[in-house]
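Report on the structure given below.
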Amino acid sequence: MPTPHSGYVTLNVEHFWGNYCPMEWFTILLSSFIAAITPVGFIVDTVVANTLRAQVAGVEELAVRVDNTPSYQPIQGKVDRIRIASRGLEPIENLRIDSFELETDPLDFDLNRIQQPGGIKKLRESLRKPFQGAFRMVIKETDLNQALESPNIKVQIQKLLDQVLPPQAPRFEIVKLRLNFLQENRLGLEVELKQEAEEGQESNQLDITAEVSFQVEGGRSIKLIDLSATLNERKLSQRFLGLLTEGINQQLDLAIFENQGFIARILKLNLNEDTLDIVAFFRLNPASAEEP
């Protein structure tokens, strides 16, 4: 159970992601590239596409282009470039990404070492040079709200709520959770919670509405700003909202992945009334000899 630290409200978002951790999915994605190398050492676009399809819950359209000159380079663990374009991608069931595009720089790895199990650590040990590239991801408001209503995702959000509330607090069930995309990078939230009452007691209901803006700082972190909220139509104090914002902002810094050798920078983040559009750069560094 998280506890307030230095006056800030702390949230453990890893509890929400569980097996859906972005780093875990990145590991699967990179492993899929390598798994598509056939025994004779050639990478075929179709093989890579089929391997990626097997690693996600679903995808409506998928195009893969793997560039190699000369064609025998994969035997040496080298790939010139990988390009992926997809539509209707579901990395997990019921979470639809409208479009996802990725393009990598040249990839150079030890073919024997990368086929050994060991997750992100083994992948880094197999790299002869940083693995890097850029991607663009577009998410629609309608798709995101459908995801929030799906049982597999709703149960994870419920677990996060149970974790945030102190043990002595009443337990609340999420009845409604909806996000509203607004103009100029502003986001709205509507939440209905129902208290689990004991037999013979009347349950309470909490209606929460909130609006918040966000901005990218240094490409590395997302900062929530100008948060306003109401609880059962009563405005919440700015002091409480400030503490809440600080706690959430601590979890929105991409530096938390850098101790795993993964560096990411947000190049573009734009929210309008229909879609969230993100463009980002990523790099996975080879493991150094000094690392445990």
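The values are calculated or read from the model by the stated rules, or taken from the named source; none is laboratory data. Please read all numbers here as calculations on a predicted model, not as lab measurements. Using ideal geometry, Cβ is built from the backbone for each residue, glycine included, and neighbour counts are taken over all protein chains shown. The accessibility values were calculated without ligands, DNA or RNA, using every heavy atom of the protein model including side chains. Shrake-Rupley method; radii C 1.70, N 1.55, O 1.52, S 1.80 Å.
What nm distance separates the two modelled labels at GLN215 and VAL175, each placed 7 Å from Cα along Cα→Cβ?
Taking the two extended label points, one gets 3.8 nm.
GluC sites (Glu not before Pro) within region 233-292: which are DSSP loop residues with at most 15 other Cβ atoms inside 10 Å?
Numbers: sites: GLU233, GLU246, GLU258, GLU273, GLU290; in loops: GLU233, GLU273, GLU290.
Hits after loop and neighbour filter: GLU233, GLU273, GLU290.
Starting from the exponent 0.38 and prefactor 2.2 Å, build the expected Rg for region 134-292 from its residue count and divide its actual Cα Rg by it. Walk me through the numbers on the way to the answer.
Working: Rg = 18.6 Å, N = 159, 2.2 N^0.38 = 15.1 Å.
Region 134-292 yields a ratio of 1.23.
Take the Cα of SER237, step 7 Å along the line toward its Cβ, and report every residue of region 193-231 whose backbone nitrogen sits under 13 Å from that point.
Within reach of a label on SER237, which here means backbone N under 13 Å from a point 7 Å along Cα→Cβ, region 193-231 contributes nothing.
Whole-Hz Karplus ³J(HN,Hα) for region 103-120, in order, using 6.51 cos²θ - 1.76 cosθ + 1.60 and θ = phi - 60°, x for Gly and Pro?
Result, rounded to whole Hz: 9, 9, 7, x, 10, 9, 8, 7, 5, 5, 6, 6, 7, 7, x, x, x, 5.
Which lysines have a Cα less than 18 Å from the Cα of LYS194, not counting those fewer than 8 places away in the same chain?
Straight-line reach from LYS194, under 18 Å: LYS154, LYS159, LYS176.
Probe radius 1.4 Å, ligands and nucleic acids ignored: give me the carbon and sulfur share of the accessible area of region 80-172 as a rounded percent.
Working: 2360 of 4560 Å².
Of the solvent-accessible surface of region 80-172, carbon and sulfur hold 52 percent.
Report ³J(HN,Hα) in whole Hz for each residue of region 217-229, in order, from the Karplus equation J = 6.51 cos²θ - 1.76 cosθ + 1.60 where θ = phi - 60°; Gly and Pro get x.
Values per residue, Gly and Pro as x: 10, x, x, 10, 9, 9, 10, 7, 9, 6, 7, 10, 7 Hz.
In sequence order, what are the phi-derived ³J(HN,Hα) couplings for region 92-98 according to the Karplus relation 6.51 cos²θ - 1.76 cosθ + 1.60 with θ = phi - 60°, rounded to whole Hz, with x for glycine and proline?
With the stated coefficients, region 92-98 comes to 10, 4, 6, 9, 8, 9, 4 Hz.
Determine the relative contact order of region 152-292: mean sequence separation of Cα pairs under 8 Å and six or more apart, normalised by residue count, in whole percent. Spell out each step's value before the answer.
Details: 230 pairs, mean separation 24.2, N = 141.
Relative contact order comes out at 17 percent.
Could you list which residues have their amide H under 5 Å from that of PHE214, counting only those 5 or more apart in sequence or on another chain, with H placed in the peptide plane?
ILE225
With a 1.4 Å probe and all protein chains left in place, how much accessible area per residue does region 162-292 have, in Å²?
Here the residues of region 162-292 average 62 Å² of exposed surface.
Name the long-range amide H neighbours of VAL56: under 5 Å, sequence gap of 5 or more, or other chain; modelled H, no Pro or chain starts.
Sorted by chain and number, the residues that satisfy this come to none at all.
If you average the sequence gap of Cα pairs under 8 Å that are 6 or more apart and divide by the length of region 61-206, what percent do you get for the contact order? List each step's numbers first, then the result.
On the way: 238 pairs, mean separation 22.5, N = 146.
Relative contact order, region 61-206: 15 percent.
Excluding residues fewer than 8 places away in the same chain, name every one of the lysines whose C-alpha is closer than 24 Å to that of LYS122.
Within reach: LYS78.
Show me 149-155, 124-130 ranked by packing, highest mean number of other Cβ atoms within 10 Å first. Before the final figure, lay out the partial values.
Numbers: 149-155: 13.1, 124-130: 17.9.
Per-residue mean Cβ counts within 10 Å order the peptides as 124-130, 149-155.
Out of residues 5 or more away from LEU127 or on other chains, whose amide H comes under 5 Å of its own, with H placed 1.01 Å from N in the peptide plane?
Amide H neighbours of LEU127, under 5 Å, 5+ apart: ASP110, ALA287.
Can you pull out the chymotrypsin sites (Phe, Trp or Tyr not before Pro) in region 229-292 whose DSSP state is coil and whose Cβ has at most 10 other Cβ atoms within 10 Å?
Values: sites: PHE240, PHE257, PHE262, PHE281, PHE282; in loops: none.
Passing both the DSSP loop test and the Cβ count: no residue.
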